[in-house]
Amino acid sequence: YFTTVTGVDISSEAIQRGTALLADRKNINFILGNGRDLVDFDDQSFDVAFTFAALAHMPLVVIGAYLRELTRVVRVGGELRLQLYLGNEQE
């Protein structure tokens, strides 16, 4: 559906596995991130950004910074999608 897709993960193993699994898809690339910011990307450089299972593994102080980074790299009028886990603190 997209001309170019960029996956970011802090796990080099995940990057290697994704690259191997999608080697035939020349429009998909993977970048090893640092888990704190998206410094490798320019402002407003994506039409869509989403997280999948990432925010649940970040400390709260990092989540705020990462959400700011996500809004920085998405173009005005673009979409930001967040996949969240909402747990019950009493469980």
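The values are calculated or read from the model by the stated rules, or taken from the named source; none is laboratory data. All values derive from a computational prediction rather than experimental measurement. A quick note on method: Cβ atoms are made from the backbone with ideal geometry, for glycine too, and the neighbour counts reach across all protein chains shown. Just so you know, the surface numbers come from the protein's heavy atoms only, side chains and all, with ligands and any DNA or RNA stripped out. Shrake-Rupley method; radii C 1.70, N 1.55, O 1.52, S 1.80 Å.
Between the Cα long axis of helix 60-73 and the first principal axis of the chain there is an angle of about 40°, rounded to the nearest 10.
Here's how it looks for VAL48: its modeled amide H is under 5 Å from those of GLU79, which are all 5 or more places away or on a different chain.
The largest accessible area among GLU69, GLU79 belongs to the first residue in GLU79, GLU69, and the rest follow in falling order (1.4 Å probe, all chains).
Each residue, GLN16 and GLN83, gets one label point 7 Å from its Cα in the Cβ direction; the gap between the two is 2.3 nm. Here the extension length gained between ALA53 and THR71 equals 4.7 nm, from 0.36 nm per residue of separation less the Cα-Cα distance.
When the surface is traced with a 1.4 Å probe over the full set of protein chains, LEU32 keeps roughly 90 Å² accessible.
If you keep only loop residues by DSSP, which chymotrypsin sites (Phe, Trp or Tyr not before Pro) in the range 1-89 have at most 12 other Cβ atoms within 10 Å of their Cβ? Mind dumping the intermediate values first?
Values: sites: TYR1, PHE2, PHE30, PHE41, PHE46, PHE50, PHE52, TYR66, TYR85; in loops: TYR1, PHE2, PHE41, PHE52, TYR85.
Passing sites in the range 1-89 are TYR1, PHE2, PHE52, TYR85.
The long axis of helix 12-21 is offset from the longest Cα principal axis of the chain by roughly 40 degrees. Extension gain for the segment ASP9 to ASN29, taken as residue separation times 0.36 nm less the Cα-Cα distance, is 6.1 nm to one decimal. Taking the Cα centre of each part, how many Å lie between the range 38-91 and the range 5-37? If we compute the Cα centre of each part, the gap is 17 Å.
Can you pull out the trypsin sites (Lys or Arg not before Pro) in the chain that DSSP calls coil and that have at most 11 other Cβ atoms within 10 Å?
Numbers: sites: ARG17, ARG25, LYS26, ARG36, ARG68, ARG72, ARG75, ARG81; in loops: ARG25, LYS26, ARG36.
Answer in residue order: ARG25, LYS26.
Please give me the summed charge of the neighbours of LEU70: other residues whose Cβ is under 15 Å from its Cβ, Lys and Arg +1, Asp and Glu -1.
Values: positive: ARG36, ARG68, ARG72, ARG75, ARG81; negative: ASP9, ASP37, ASP40, ASP42, ASP43, ASP47, GLU69, GLU79.
Spelling it out: positives minus negatives among the neighbours equals -3.
Coupling constants for the range 46-57 follow from the phi torsions by the Karplus curve (6.51 cos²θ - 1.76 cosθ + 1.60, θ = phi - 60°), and in residue order they are 10, 7, 9, 9, 8, 10, 10, 6, 8, 4, 5, 9 Hz; glycine and proline get x. If you sort ILE28, ILE10 by accessible surface, 1.4 Å probe, largest first, the order is ILE10, ILE28.
Taking all protein chains in place and a 1.4 Å probe, what share, in percent, of the accessible surface of the range 22-91 do carbon and sulfur account for?
On the way: 2910 of 5350 Å².
Roughly 54 percent, rounded to a whole number.
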